[in-house]
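Structure first, then comments.
The values are calculated or read from the model by the stated rules, or taken from the named source; none is laboratory data. These numbers come from a predicted model, not from an experiment. Glycine gets a Cβ as well: all are built from the backbone with ideal geometry, and neighbour counts include every protein chain shown. For accessibility, only protein heavy atoms count, side chains too; no ligands or nucleic acids. Shrake-Rupley method; radii C 1.70, N 1.55, O 1.52, S 1.80 Å.
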Amino acid sequence: MHLTRRGRAVLVLAVALLAAGVWGRYPFPAGLGAVGLGAVLAAVLLTARGLPVEVRRSVYPDRVERGRPALARLAVRNPGGRRQAGFEAVDAVGGAARTVRVRALPPGAEAVHHYELPTGVRGRFTIGPLTLHRADPFGLAHHASAVGGVATLRVHPRQRPARALAGGHPRHHHEGADDALRGSAELQDVREYIPGDEVRHLHWKATARTGRLMVRDHTDPDEPRLTLLLDTRAGGLPAGVFEEAVELAASLLGAAARAGHHTRLVTSSGLDLPQPGGAPAARQLLDELCELRQDACSAELVPALLPASRPGGGYLVVVTGPADAPVALAGLRERFPAVFLFVLSDPDAGGGGPIPTARAGAGSRVFQVDGAAEAVRRWNEVIG
């Protein structure tokens with residue numbers, strides 16, 4: 001609890017009037033001073049303790065695409081036997097704040113308030129803590145108390161309607177299908193049974209030999225696979241163009257993962273995130289992309305981990321700027337049967353010169369685009 005600026009001014013004036021009235025034997029100033037001191041004392045007593053209310057705050061949805069609405073639900077209950085006067089609740093949202101005016105509550109009553117959360121910028125934002133503000137009717141004293149925990153809101157990059165791959169390039173058993181889906185065509189390994197495995201995949205000879213239930217692990221050599229290399233160097237792309245690049249990555253990887261395809265996100269800063277496909281994989285990829293930032297420490301477009309990794313087949317998509325287009329294709333064509341290079345130009349800088357398609361080489365396609373929308377459109381034309 002603390003006195004407001006008005007409360008401190010009233011306190012100083014009241015003390016001065018009371019002292020002057022007593023010293024000069026003036027009853028009127030002394031009376032005004034006594035009234036002022038009484039008002040300040042009453043304000044202090046009224047706001048000395050926190051608000052006796054129960055507060056629950058929830059955020060829905062906790063993951064949202066940039067620009068889509070996200071709401072916070074604030075439920076306030078008065079568990080006491082007295083009427084609770086109205087007050088303000090202020091919720092911290094990243095670097096901003098949302099203020100909610102909570103109306104007066106009768107005994108045992110509950111009020112529900114909704115307020116919109118900012119989703120104009122992608123990222124991971126902390127919601128809370130919630131601060132309850134209690135003040136006297138004259139605004140002389142104020143009490144602020146933090147209640148409840150914090151919630152997390154993830155604002156994912158915007159996703160364009162991209163098509164998923166219709167088929168993949170063959171991967172042979174000698175290439176090492178170490179991240180393959182279980183239960184498909186080609187035998188990969190024989191391992192011990194774990195709950196949830198299909199009984200039809202039991203390997204009876206291995207079971208008899210080891211005395212433990214053993215199952216076959218299979219892989220599909222024609223499983224579609226998509227690897228995306230995103231340029232995250234600080235000088236690789238302007239800030240606005242980098243946001244378009246992240247949207248392109250989210251569109252292509254999200255569509256492939258939701259279609260059940262193997263995906264892999266690689267960045268110039270060294271991030272390597274392989275996913276087996278499915279809705280949980282798409283969510284993890286988008287969670288990573290929503291927090292991705294440009295890295296001033298990254299010097300090379302292609303991190304060492306990508307050329308050094310085992311050949312995986314499938315498609316490789318590289319997203320970068322005009323200056324590094326030839327570098328992107330130089331050492332990667334031999335490791336991937338198909339390479340798609342998306343060169344994002346800066347519209348404010350007038351774009352870059354055309355990139356000759358002959359430089360791409362066999363099995364490679366180069367697209368010079370102005371943003372994520374055009375890039376996804378060109379991708380859909382080729383894939384479809």
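Based on protein heavy atoms only, the stretch 84-140 ends up with 47 Å² per residue of surface accessible to a 1.4 Å probe.
Carbon-plus-sulfur accessible fraction, the stretch 1-73 (probe radius 1.4 Å, protein heavy atoms only): 67%. Computed from backbone phi with θ = phi - 60° and the Karplus coefficients 6.51, -1.76 and 1.60, the 3J(HN,Hα) list for the stretch 19-29 is 5, 5, x, 5, 5, x, 6, 9, x, 5, x Hz; x is used for glycine and proline. Residue by residue, the stretch 280-290 carries 3J(HN,Hα) couplings of x, 5, 4, 5, 5, 4, 5, 4, 5, 5, 5 Hz when phi is fed to the Karplus relation 6.51 cos²θ - 1.76 cosθ + 1.60 (θ = phi - 60°); x denotes Gly or Pro. Modelled spin labels at Arg212 and Val199, positioned 7 Å past Cα toward Cβ, are 2.2 nm from each other. Per-residue SASA remark: His201, around 30 Å² accessible (1.4 Å probe; ligands, DNA and RNA not included). In the assembled protein chains, Met1 presents an accessible area of approximately 100 Å² (probe radius 1.4 Å). The residues of the stretch 5-79 expose on average 62 square angstrom of accessible surface per residue, using a 1.4 Å probe on protein heavy atoms. Amide H to amide H distances under 5 Å link Ala109 with Asn78, where only residues 5 or more positions off or on other chains count and H is placed in the peptide plane. Which values of log₁₀ I(q)/I(0), to two decimal places, follow from the Debye formula for the stretch 79-145 at q = 0.24, 0.26 Å⁻¹ with a uniform point scatterer at every Cα? At q = 0.24, 0.26 Å⁻¹ the computed log10 ratios are -1.11, -1.20. Database remark: amide H of Arg225 closer than 5 angstrom to the amide H of His169, Tyr315 (H placed geometrically; neighbours at sequence offset of 5 or more, or on other chains; Pro and chain starts carry no H).
For the set Glu65, Glu54, the ranking by accessible area, highest first and with no ligand, DNA or RNA atoms included, is Glu54, Glu65 under a 1.4 Å probe. Of Thr99, Thr4, Thr47, Thr210, the residue with the largest accessible area leads and the full order is Thr99, Thr210, Thr4, Thr47 (1.4 Å probe). Taking all protein chains as shown and a probe of 1.4 angstrom, Tyr193 keeps an accessible surface of around 80 Å². With all protein chains in place and ligands, DNA and RNA left out, the 1.4 Å accessible area ranks Phe340, Phe28 as Phe28, Phe340, largest first.
Charged neighbours of Arg56, selected by a Cβ distance under 14 Å, balance to 0 (K, R count +1; D, E count -1).
Cα centroids of the stretch 85-161 and the stretch 11-30: 43 Å apart. The percentage of C-alpha pairs in the stretch 4-131 whose separation is greater than 20 Å is 61%.
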